[in-house]
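What follows is a set of notes on a single structure, which appears directly below.
The values are calculated or read from the model by the stated rules, or taken from the named source; none is laboratory data. These numbers come from a predicted model, not from an experiment. Neighbour counts are summed over all protein chains in view; Cβ atoms, including those assigned to glycine, are modelled from backbone coordinates with ideal geometry. Heavy atoms of the whole protein, side chains included, go into the accessibility calculation; ligands, DNA and RNA do not. Shrake-Rupley method; radii C 1.70, N 1.55, O 1.52, S 1.80 Å.
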Amino acid sequence: MIQFQAVHKQFPNGTTAVHDLSLDLPEGGVTVLVGSSGCGKTTTLRMINRMVEPTSGTIRVAGKDVTEQDAAELRRSIGYVIQQAGLFPHRTVLDNIATVPLLLGWGRRKARARAAELLDTVGLTADAGKRYPHQLSGGQQQRVGVARALAADPPVLLMDEPFGAVDPVVRTQLQDELLRLQQELGKTIVFVTHDIDEAVRLGDRIAVFRTGGHLVQCAPPEELLARPADAFVADFLGAERGLKLLSLTGIAALPQGAAPDGGRWELLRDPAGKPLAWRDTDTDTETPVRPLKGTDSLLSALNESVASPTGLIARVDEDGVLTGVTDRDTIHDHANRLHVTASRDTLAADDADTLAADDADAPAAAVAVEAVEAVEATKGGGPA
Amino acid sequence: MYELLVDLGGWLTGPEQWSGSDGIGVRLLEHLQYSALATVVAAAIALPIGLLIGHTGRGAFLAINLSSFGRALPTVGLVVLVFLASGLSMTPVYVALVALAVPAIVTNTYAGMAAVDRDVKDAARGQGMRWHQVLFQVELPLALPLIMTGLRLALIQVVATATIAAYVSFGGLGRYVFDGLAQRDLVQVLGGAVLVAVLAVALDLLLAGAQRLLFRHRAPATA
Ligand SMILES: Nc1ncnc2c1ncn2[C@@H]1O[C@H](COP(=O)(O)OP(=O)(O)O)[C@@H](O)[C@H]1O
Ligand SMILES: [Mg+2]
């Protein structure tokens, strides 16, 4: 969908922002460009919609060289969201969202109707449409920014640190909603951030950049975490790399058994079958339980198994009804195996790099084991 | 002193002063007409310059320094100069008034354009606006409060200075000042001056009020 071919960008002042970049972004899915500040992510992004012209090389969107298209028309066909939203302060929220449809000549009525529809899509009330941007919170402004980018239903969406300026709670909320939206819309999204956690959460692919505009590695998050291409990437991924990998994997595949019956511990359920708490029949005390769905992560399963007095996690279906339990050992086994498989998959996919892979393989597995042990250690000697 | 004030009051309120072909009513209209025409011509010259400098960012030095140049300009000297060159007509008066008004408009227009958030301009381009769409749909509306301030300042200065029309034998409220001076009629001089001052202040308040009403929904930072 978006192709970079030997793209190079040097600014007039001599700064090389992007160095010989070749990268293919397939249609659909979120590609996250990540790296520390000043490593050329924004420049890379802005070359896609010609806000920056490359010094050399070719960029194609949907097979067409962007420099052969009229810049304004190209930009109208690509959604663009920036940090601080960049909303027009003199226009109502509704008119802000209607910007591109109006530029495309849809007419005021149709453009406004579309904008009103999008308010709902991004989780804003119809009432917000009549307000001015400065009357909204930072998080709401970002939603308007996303709505504005989506207004003409472009196949490609460029997002430059869109959630960088909002507080962590709102950021998580906005990330969740972007994921939900993306499930519905299936756009090709290029997302820039310097936050590796955000990258891991949102990315179907993560491209790691290094200062000077060098692309170091582009891989799905699981592969990146299991097998960073070099020490720079490993360092960038941080000390909790193993835990991050666990946070990416769902527990749907984990085997489950029946809840214990007649022993010391009893799993209390409500009439609908939703788990409530573990009851210790010896002392007649209860410990609340947080049941997990198949979409919950291995990391949260690990966490729950540690917090659970029985070492068992309660598994539920979509409606929250108990389906069974899984024990701590099964979760540990899975966590360990995950790291090994993730590494091996990449090995098979890329034999040219075997040597580097061997190097990276060991630390990945080590981190995973360490992580499991760390969690286990914090748990101490509870009842088995 | 007290007597003078009483005389002044009498002069200003006497019904015979307000009517007739050289009454205050007619002089006031003449004065407004000179001022309005000069300001409109000045705006026609200054606005494009200010917008161009603001949009391109080139020539900012000129825009910033034009205002101090404007203050230093000797208005009466200019009238005499153009008068000598062009003979007796309103032209020298208009040239002087326009020259007086242009700097205030250019400087404020430029300041308004320069104050538009870079991110907003960038977003406008990024959504696919062409340069003229960025200028007219984003920069101009956002700079408008300051542009209007520039126009208001220019108009006030012009109103205060349009008395010079009378200096070269034309009308306006300056008539009373120059006639009064010639006739050593202090009350008339004062009356003319007070009328000019009141007109200027009234216009200033009126336009400032209109501005506030017009931009009431703006964020405090841009209003
Ligand atoms: N317009 C510009 N002129 C000169 N240098 C620039 C310009 N834009 C960005 N740069 C430089 O290019 C490098 C990459 O910038 P950028 O792409 O914004 O990085 P990032 O988005 O990863 O923080 C930085 O060193 C930055 O200072
Ligand atoms: Mg950036």
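Tallying residues that are aromatic (Phe, Trp, Tyr) and over 20 Å from B:Gly172 (Cβ atoms) within region B:67-118 yields 2. Here B:Leu214 meets each of (1) open to solvent by 30 Å² or more (accessible area, probe 1.4 Å); (2) more than 14 Å from chain A (Cβ to nearest Cβ) with one exception, condition (2). Restricting the search to strands (runs of 3 or more DSSP E) fully inside region A:1-103 and requiring at least 1 residues that are within 16 Å of ligand 2 (Cβ to nearest atom) gives A:2-10, A:16-25, A:29-34, A:78-82. Tally up the residues in region B:127-159 that are at the interface with chain A (Cβ under 8 Å from one of its Cβ atoms) and crowded, with 20+ Cβ neighbours inside 10 Å, please. Counting residues in region B:127-159 that are at the interface with chain A (Cβ under 8 Å from one of its Cβ atoms) and crowded, with 20+ Cβ neighbours inside 10 Å gives 5. If you go through region A:194-223 and keep only what is of a type in the set (S, T, N, Q) and in a strand (DSSP E or B), you end up with just A:Gln217. Would you call A:Glu27 among the acidic types (Asp, Glu), open to solvent by 10 Å² or more (accessible area, probe 1.4 Å) and modelled with pLDDT of 95 or more? The answer is no for A:Glu27. Of the candidates B:Ala162, B:Ala104, B:Ala166, B:Ala124, the single residue that is in contact with a helix residue (DSSP H, G or I) (Cβ under 6 Å, 6 or more places away or on another chain) and within 14 Å of chain A (Cβ to nearest Cβ) is B:Ala124.
Applying the set (1) within 14 Å of chain B (Cβ to nearest Cβ); (2) touching a residue at least 60 places away in the same chain (Cβ under 8 Å) to A:Ala71 leaves exactly one unmet item: (2). Go through the residues of region B:40-59 one by one and say whether even a single one is charged (D, E, K, R) and over 22 Å from B:Thr163 (Cα atoms). Yes - at least one qualifying residue is present in region B:40-59.
Counting only residues that are away from chain B (no Cβ under 14 Å) and within 15 Å of ligand 1 (Cβ to nearest atom), region A:32-58 holds 13 of them.
Quick check on region A:80-101: of everything there that is closer than 19 Å to A:Val166 by Cβ and touching a Pro at 6+ places or on another chain (Cβ under 6 Å), which residue is most open to solvent (accessible area, probe 1.4 Å)? Taking the candidates together, the pick is A:Pro89. Residues of region A:261-274 that are open to solvent by less than 60 Å² (accessible area, probe 1.4 Å), part of a loop (DSSP other than H, G, I, E, B) and in contact with a strand residue (DSSP E or B) (Cβ under 7 Å, 6 or more places away or on another chain): A:Asp270, A:Gly273. Kindly check whether there is at least one residue in region A:16-33 that is at positive phi and under 26 Å from the mean Cα position of the chain (by Cα). Yes, region A:16-33 contains at least one residue that is at positive phi and under 26 Å from the mean Cα position of the chain (by Cα). Taken residue by residue, region A:103-113 has at least one member that is within 11 Å of another protein chain (Cβ to nearest Cβ) and either at pLDDT 95 or above or within 16 Å of ligand 1 (Cβ to nearest atom) (or both). A:Ala147 satisfies every condition listed in (1) farther than 25 Å from A:Gly38 by Cβ; (2) out of contact with any helix residue (DSSP H, G or I) (no Cβ under 8 Å at 6 or more places or on another chain) except (2).
Within region A:297-305, does at least one residue satisfy the condition of being open to solvent by 30 Å² or more (accessible area, probe 1.4 Å) and out of contact with any helix residue (DSSP H, G or I) (no Cβ under 8 Å at 6 or more places or on another chain)?
The initial filter retains those residues of region A:297-305 that are open to solvent by 30 Å² or more (accessible area, probe 1.4 Å), namely A:299, A:303.
Narrowing the set further to residues that are out of contact with any helix residue (DSSP H, G or I) (no Cβ under 8 Å at 6 or more places or on another chain) leaves none.
Scanning region A:297-305, I find no residue that is open to solvent by 30 Å² or more (accessible area, probe 1.4 Å) and out of contact with any helix residue (DSSP H, G or I) (no Cβ under 8 Å at 6 or more places or on another chain), so the answer is no.
Residues in region A:37-63 that are under 20 Å from A:Ala149 (Cβ atoms) and open to solvent by 30 Å² or more (accessible area, probe 1.4 Å): A:Thr42, A:Arg46, A:Arg50, A:Ala62.
Of all residues in region A:106-132, none that is outside the structural domain of A:Arg76 (by TED's automatic domain parsing) has its Cβ atom under 7 Å from the Cβ atom of a residue that is open to solvent by less than 80 Å² (accessible area, probe 1.4 Å), 6 or more apart or on another chain.
A:Ala277 fulfils the conditions (1) in contact with a strand residue (DSSP E or B) (Cβ under 7 Å, 6 or more places away or on another chain); (2) of a type in the set (A, V, I, L, M); (3) open to solvent by 30 Å² or more (accessible area, probe 1.4 Å) except for a single criterion, (3).
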